[in-house]
Amino acid sequence: MKDYPIYIKGTGYLFLIIMIVFVLYMGQTILIPVSVGILLTFLLMPVSNWLEEKRVPKVMAILLSIFLMIILLSGLIFFLSSQMMSLSEDLPLLNQKLTEKFADLQHFIADNFNVSEKRQIAWLETQMISALQSGGEIFGNIFSATGTFLAAATLIPIYIFFFTLYKHKFIDFMKHMTRPERHEWLMNVLSRTSQVSQKYLVGLLIDITILAVLNSIGFLVLGINHAILLGIIAGMLNIIPYVGVLIGSIFPVVMALLTKDSVWIAVGAAGVCVFVQFLDNNFITPKVVGSAVSINPLATMIALLIGGMLWGVVGMMLFIPFLGMLKVILDNVEPLKPFGFLIGEEEKLKAKKKF
């Protein structure tokens with residue numbers, strides 16, 4: 001497309017983007033489980049390769065790696081469910097505390113803003129009716145989408161098995177699609193793409209574990225109820241960049257406000273979240289995750305918004321590693337290098353300028 005005017009090339013790129021967005025949105029029921037399967041395949045591939053090196057048959061090595069993943073996930077789900085059961089036992093007490101705090105808030109508003117409690121209740125009833133009317137359909141859509149995804153998610157282990165089993169067939173297919181002199185270039189791109197996904201996913205798992213431990217220790221020191229569960233939730237929500245940290249900090253603060261007499265405990269819970277996030281941004285993530293996904297914050301935010309719009313919360317988690325993999329391709333395809341330059345990290349651009 002080098003000989004075409006800029007407006008024709010721009011129109012072509014825009015049409016391609018529109019088609020990709022359309023396909024991603026319309027095919028999300030199939031594409032989301034497949035995308036999760038692809039990322040988990042990259043994550044488990046070193047395990048299956050190691051087992052094959054130990055003379056374990058290929059099929060058995062793949063099945064063992066998938067079985068190991070299922071055991072770890074089952075253990076995590078069992079632990080979280082036991083913690084949730086413990087939390088459910090305290091729900092009546094939490095409900096009582098919430099009622100008391102709400103009554104105190106009503107008195108405070110009535111005394112300081114001259115708004116009677118009856119007017120406050122009437123306004124809340126109006127808002128609740130409106131929220132229920134508009135929220136019923138939203139809840140139904142979320143429940144339906146969640147059920148559909150969970151049904152499709154049962155196919156993820158099957159996707160992982162076949163993606164791993166036929167990985168060489170996929171590579172040979174791509175070699176057939178390129179000229180022989182480009183095979184070395186193709187293998188280099190595939191290798192770097194695989195490394196990006198593996199490094200990001202492994203680093204993210206380690207990062208979540210460290211954050212969960214640090215948050216849990218901080219909440220335990222403050223004496224917050226269900227500190228371990230809240231610490232794990234805060235750590236797991238870190239999967240969603242920027243937004244997840246804010247959401248994760250709400251739960252321990254609310255728990256402290258409901259169960260503790262001093263408001264300073266809630267302030268301390270917020271302080272723990274801020275301090276742990278400071279450590280994560282400046283020390284943990286750079287060392288553990290590093291520059292596996294070397295994209296700038298603006299591109300990250302856009303990927304989060306687009307992922308959330310197309311695939312919901314799952315899209316917000318998946319679009320970041322996929323954008324990092326896309327950048328590898330953009331950097332190695334000559335006509336697309338400007339796009340890789342555009343979404344790249346600023347530090348790397350500055351380093352290039354020094355030379």
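Take segment 1-36 and flag every residue that is small (Gly, Ala, Ser) and under 21 Å from MET309 (Cα atoms).
Taking segment 1-36 first, the residues small (Gly, Ala, Ser) are 10, 12, 27, 35.
Within segment 1-36, GLY27, SER35 qualify.
Would you say ILE71 is closer than 30 Å to HIS168 by Cβ and touching a residue at least 40 places away in the same chain (Cβ under 8 Å)? Walk me through how you get there before you give the answer.
On the way: closer than 30 Å to HIS168 by Cβ: yes; touching a residue at least 40 places away in the same chain (Cβ under 8 Å): no.
The answer is no for ILE71.
With a cut-off of at least 1 residues that are modelled with pLDDT of 80 or more, more than 24 Å from LEU186 (Cα to Cα) and among the polar types (S, T, N, Q), name the helices (runs of 4 or more DSSP H) lying wholly within segment 272-355. Before the answer, list the steps.
On the way: elements: 285-288, 297-332, 337-343, 346-354.
Passing ranges, in order: 297-332.
Mind listing just one residue for me: the one in segment 101-122 that is charged (D, E, K, R) and within 39 Å of the chain's Cα centre (by Cα) and, of those, surrounded by the most Cβ atoms within 10 Å (Cβ to Cβ)? Before you say what the answer is, go through the steps one by one.
So in segment 101-122, the residues charged (D, E, K, R) come out as 101, 104, 111, 117-119.
Checking the rest, the ones that are also within 39 Å of the chain's Cα centre (by Cα) come to 101, 104.
On the way: LYS101: 13, ASP104: 10.
Once the filter is applied, the top-ranked residue is LYS101.
So, of the residues in segment 85-100 that are closer than 18 Å to HIS226 by Cβ and among the charged types (D, E, K, R), which turns out to be most open to solvent (accessible area, probe 1.4 Å)?
GLU89
Yes or no: GLU117 under 27 Å from GLY308 (Cβ atoms), modelled with pLDDT under 70 and among the acidic types (Asp, Glu)? Give the derivation first.
Details: under 27 Å from GLY308 (Cβ atoms): no; modelled with pLDDT under 70: yes; among the acidic types (Asp, Glu): yes.
For GLU117, the condition - under 27 Å from GLY308 (Cβ atoms), modelled with pLDDT under 70 and among the acidic types (Asp, Glu) - is not met.
Just one of VAL189, VAL202 is of a type in the set (Val, Ile, Thr), under 30 Å from ASN49 (Cβ atoms) and open to solvent by 60 Å² or more (accessible area, probe 1.4 Å); which is it? It would help to see each step written out before you state the result.
Values: VAL189 fails: open to solvent by 60 Å² or more (accessible area, probe 1.4 Å).
Sole residue among the options that is of a type in the set (Val, Ile, Thr), under 30 Å from ASN49 (Cβ atoms) and open to solvent by 60 Å² or more (accessible area, probe 1.4 Å): VAL202.
Yes or no: segment 65-72 includes at least one residue that is touching a Leu at 6+ places or on another chain (Cβ under 8 Å), over 30 Å from ALA227 (Cβ atoms) and open to solvent by less than 50 Å² (accessible area, probe 1.4 Å).
Yes, there is a match, as at least one residue in segment 65-72 is touching a Leu at 6+ places or on another chain (Cβ under 8 Å), over 30 Å from ALA227 (Cβ atoms) and open to solvent by less than 50 Å² (accessible area, probe 1.4 Å).
Just checking, does segment 238-251 include any residue being in a helix (DSSP H, G or I), touching a residue at least 40 places away in the same chain (Cβ under 8 Å) and crowded, with 20+ Cβ neighbours inside 10 Å? Walk me through how you get there before you give the answer.
Residues of segment 238-251 that are in a helix (DSSP H, G or I), as a first pass: 238-239, 243-251.
Next cut, touching a residue at least 40 places away in the same chain (Cβ under 8 Å) only: 238-239, 243.
Pick out the ones that are also crowded, with 20+ Cβ neighbours inside 10 Å and you get 238.
Yes, some residue in segment 238-251 is in a helix (DSSP H, G or I), touching a residue at least 40 places away in the same chain (Cβ under 8 Å) and crowded, with 20+ Cβ neighbours inside 10 Å.
Being within 30 Å of LEU336 (Cβ to Cβ), over 25 Å from the mean Cα position of the chain (by Cα), of a type in the set (Gly, Ala, Ser) and open to solvent by less than 90 Å² (accessible area, probe 1.4 Å) narrows it down to one residue among GLY10, GLY37; which is it? So that I can check it myself, show each step before the final result.
Working: GLY37 fails: over 25 Å from the mean Cα position of the chain (by Cα).
After applying the criteria, what remains is GLY10.
The values are calculated or read from the model by the stated rules, or taken from the named source; none is laboratory data. From a predicted model like this one, the values you see are computed outputs, not experimental measurements. Note that each Cβ is placed from the backbone with ideal geometry, even for glycine, and that neighbours are counted across all protein chains shown. The area values use the complete protein model at the heavy-atom level, side chains included, leaving out ligands, DNA and RNA. Shrake-Rupley method; radii C 1.70, N 1.55, O 1.52, S 1.80 Å.
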